[in-house]
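Structure first, then comments.
The values are calculated or read from the model by the stated rules, or taken from the named source; none is laboratory data. Fair warning: this is a prediction, and the values are worked out from it, not measured in the lab. We place every Cβ from the backbone using ideal geometry, glycine too, and count neighbours over all the protein chains shown. With ligands, DNA and RNA removed, areas are computed over all heavy atoms of the protein, side chains included. Shrake-Rupley method; radii C 1.70, N 1.55, O 1.52, S 1.80 Å.
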Amino acid sequence: TSEDTSRLLMQIGATALLPQLLAALGAVFTKAGVGKVIAQSISSVVPSGNIVVGIIIYAIGMALFTMIMGNAFAAFSVITVGIGVPFILKHGGNPAIGALGMTAGYCGTLMTPMAANFNIVPASILEIKDKNRIIKTQLPMGLAMLVIHIILMILLFKA
């Protein structure tokens, strides 16, 4: 009912707007050229054309940037512009790798307190004493799923 929805939104508060705000922040970062800076930094270490390393860096970069930003929406545009396009897609990579990049970012969501709407708010609502318990529980699955994403991306490269 609408009363239940209102009550839930009152409990969550401003955190309900967090995904939209973070997606906008990701667009601002992309427009500011953060992705290009990341591409330049990575290209100085990883030679162009090394697809497997590019995929690994893309997936891990998505997860790490998601952990920093708290949401994969913010990380997706920046990391895809900076790593996904120049190191994977420009070398004939399957565009499905981009979709897997987004979900690789969600692996990072499982492992960070910055994803307040997924990890901190539920702990508060459920009145869990250890506020990081949800993250500790999700960590092994997040890491396992990240490895699976990397394997799938490598298998899908030319598929």
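For the range 129-159, filtering for residues that are open to solvent by 90 Å² or more (accessible area, probe 1.4 Å), among the aliphatic types (A, V, I, L, M) and over 28 Å from ILE51 (Cβ atoms) leaves 0. For the list (1) among the aliphatic types (A, V, I, L, M); (2) farther than 22 Å from ALA144 by Cα; (3) at pLDDT below 85, I need the number of the one condition that VAL85 fails. In the conditions (1) among the aliphatic types (A, V, I, L, M); (2) farther than 22 Å from ALA144 by Cα; (3) at pLDDT below 85, VAL85 misses (3) alone.
The residues of the range 60-88 that are over 17 Å from SER41 (Cβ atoms) and of a type in the set (A, V, I, L, M), listed by number, are ALA63, MET67, MET69, ALA72, ALA74. The residues of the range 1-32 include none that are closer than 14 Å to ILE83 by Cβ and modelled with pLDDT of 80 or more. Summed over the range 86-117, the residues that are more than 13 Å from the chain's Cα centre (by Cα) and free of Cβ contacts under 8 Å to residues at least 40 places away in the same chain give a count of 4. Annotation: of all residues in the range 40-84 being more than 24 Å from VAL28 (Cα to Cα) and among the hydrophobic types (A, V, I, L, M, F, W, C), the one that is most open to solvent (accessible area, probe 1.4 Å) is VAL45. Scanning the range 97-128 for residues that are more than 30 Å from LYS158 (Cα to Cα) and open to solvent by 10 Å² or more (accessible area, probe 1.4 Å) yields a count of 14.
Restricting to the range 137-159, give me the number of residues that are free of Cβ contacts under 8 Å to residues at least 12 places away in the same chain and over 19 Å from ILE60 (Cα atoms).
Here the count works out to 1.
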